[in-house]
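Notes follow once the structure below has been shown.
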Amino acid sequence: MSRQLHLNAFVMGVGHHEAAWRHPRTDERRLLDPRHYIEVARIAERGLLDSVFFADVLAVGPNVARNSQQVFEPITLLSAIATATERIGLIATASTSYNHPYSLARAFASLEHISGGRAGWNVVTSATRDEGRNFGVDDTVAHADRYVRAEEFVDVVTALWESWEPDALRLDADAATFAEPGKVHTLDHRGAHFAVRGPLNSPRSPQGRPVLVQAGSSEAGKELAARIAEVVFTAQRSVADGVAFYDDLKARARRYGRGRDDIAILPGVVPYLADTEAQARELEREFTDLISPDYALGQLSGFFGFDLTGIDLDDRLPPLPAETDIEGHKSRSSLVRALALSEDLTVRQLIGRLGGGRGHRTFAGTPEQLADDLIGWVDAGAADGFNIMPPYLPGGLTDFVDRVVPILQDRGRFRTEYSATTLAGHYGLVRGTADSGSAGDRAPVGERESVLVE
Ligand SMILES: Cc1cc2nc3c(=O)[nH]c(=O)nc-3n(C[C@H](O)[C@H](O)[C@H](O)COP(=O)(O)O)c2cc1C
């Protein structure tokens, strides 16, 4: 049977295009309205998508005057969405650089319980200097150091999630037994960055633990993904690049003893859909025309850690730091540079091309053409599915769900009903919840001094 696609809706404000909030197809007042995000998640659920996903950055974006900002903290927002949806997976971004594993493990465990096993964590290391400055860090933290901390952070969080054995919770009021102490374990973790005793003050969750997602494509990012990620978001612009990334990541995962189906790889795509290709291109142009160059140059400067504001828009990019010298978004800086060089773009043309998805691939065409394209990528071995990034919301997602999903279904490439209740189930992840972890080696709570719980 042909491979089924996995589809995630990447939700950003009133759309991914940086000028979406200024386009008549959106209502910018809805940016601050939780009902907008609930509506978007319900549209995605109506389309039987695997999940919705929210990104997060811990600082105001490059130009607060010129661009709409992400206003809600994702776990908080997804907790509201969880109560208004039934089946769709809920993926939140959270930083390993500016959080603590215990509190983050607890927040995600709460989302797990609130949603009935639909939570996922997009693990990011927070690449920008402005984020550090909000947490007492003045200088950019070295890329390698961020990933070393991330590796330990994820291990501690995972161990906390697994600190309760699946059947530890008894809830037996007659026997006055809330939980079986012998099945709730400490970690006694002492590492380079964290000392965490555990256990987590939240029982094992419905899907065992949240799904781990990763989206960094540098060497260190791919290594982390290969070891721990179950879903990978990535920005690949051509089938050839997609195949190279896909094969590389699956081969790395094999070295960690993981199978090909243990990781779903989802490149991003920003779809402009219309009845004809010409109309779709015209729609894309309408958005491009609304770009504010001063905002776009701020964002471009952020990718390279190099001030490009004030550059002549009709010039080519000046010589820029190499990926090896960039401590921020390594992989995205390489992608943007390659795009500019390969097509000999002026800065004006480059920011036009980046406006829709910050370097992610854009697609302008008919629903049929997009369905063909997506299936083509999967059949070429470049993807297991896609991160759908509507340029405007909710309309861009409605069009995808109403016009592209049915074509994928007719071709037998997408589910016609949910067969699972958990996020891991939607992605077909086989994980041994009952036997995962080596909790048995750790000290049961009953053998420790008692903790006064208030
Ligand atoms: C689809 C997608 C979503 C991302 N979302 C976030 C995000 O919400 N917050 C963030 O700090 N980085 C985000 N990133 C960036 C990566 O997680 C990573 O930090 C960045 O690519 C730099 O990592 P690298 O140097 O390993 O490539 C995202 C990347 C992709 C492809």
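Scanning the stretch 1-21 for residues that are in contact (Cβ under 8 Å) with a residue 60 or more places away in the chain, over 17 Å from the mean Cα position of the chain (by Cα) and open to solvent by 10 Å² or more (accessible area, probe 1.4 Å) returns Met1, Ser2, Arg3, Gln4, Glu18. Across the stretch 44-65, not a single residue is classified as assigned to a loop (DSSP other than H, G, I, E, B), within 16 Å of the ligand (Cβ to nearest atom), within 26 Å of Ser301 (Cα to Cα) and touching a Leu at 6+ places or on another chain (Cβ under 7 Å). Within the stretch 385-400, being open to solvent by 10 Å² or more (accessible area, probe 1.4 Å) and out of contact with any Ser or Thr (no Cβ under 8 Å at 6 or more places or on another chain) holds for Pro394, Thr398, Asp399.
Given the residues Pro74, Pro62, which is the only one that is in contact with a Phe, Trp or Tyr (Cβ under 6 Å, 6 or more places away or on another chain) and of a type outside the set (Ser, Thr, Tyr)? The match here is Pro74. Out of curiosity, is Asp275 over 30 Å from Ala371 (Cβ atoms) and away from the ligand (no atom under 16 Å from the Cβ)? Here the answer is no, as Asp275 does not meet what is asked. Looking at the stretch 228-240, is at least one residue of a type outside the set (D, E, K, R), touching a strand residue (DSSP E or B) at 6+ places or on another chain (Cβ under 8 Å), more than 9 Å from the ligand (Cβ to nearest atom) and assigned to a strand (DSSP E or B)? Yes - at least one qualifying residue is present in the stretch 228-240. Which of the residues that make up the stretch 156-171 are open to solvent by 50 Å² or more (accessible area, probe 1.4 Å) and in a strand (DSSP E or B)? Selection gives Leu169, Arg170, Leu171. Would you pick out the residues in the stretch 14-43 that are in a loop (DSSP other than H, G, I, E, B) and over 24 Å from Gly352 (Cβ atoms)? Within the stretch 14-43, Asp27, Asp33 meet the criteria.
Selection of the stretch 116-133 for residues being open to solvent by 10 Å² or more (accessible area, probe 1.4 Å) and either more than 13 Å from the ligand (Cβ to nearest atom) or not in a loop (DSSP other than H, G, I, E, B) (or both) yields Gly116, Val124, Arg129, Asp130, Arg133.
Every residue, every condition in (1) surrounded by 20 or more Cβ atoms within 10 Å (Cβ to Cβ); (2) in contact with an Asp or Glu (Cβ under 6 Å, 6 or more places away or on another chain); (3) at pLDDT 90 or above, yes or no:
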site	(1), (2), (3)
Thr346	no, yes, yes
Arg415	no, no, yes
Arg431	no, no, no
Gly446	no, no, no
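The values are calculated or read from the model by the stated rules, or taken from the named source; none is laboratory data. Given the structure is predicted, the values throughout are model-derived calculations rather than measurements. Cβ: placed from backbone, ideal geometry, glycine included. Neighbour counts: every protein chain shown. Remember, those area values only see protein heavy atoms, side chains included, never the ligands or the DNA or RNA. Shrake-Rupley method; radii C 1.70, N 1.55, O 1.52, S 1.80 Å.
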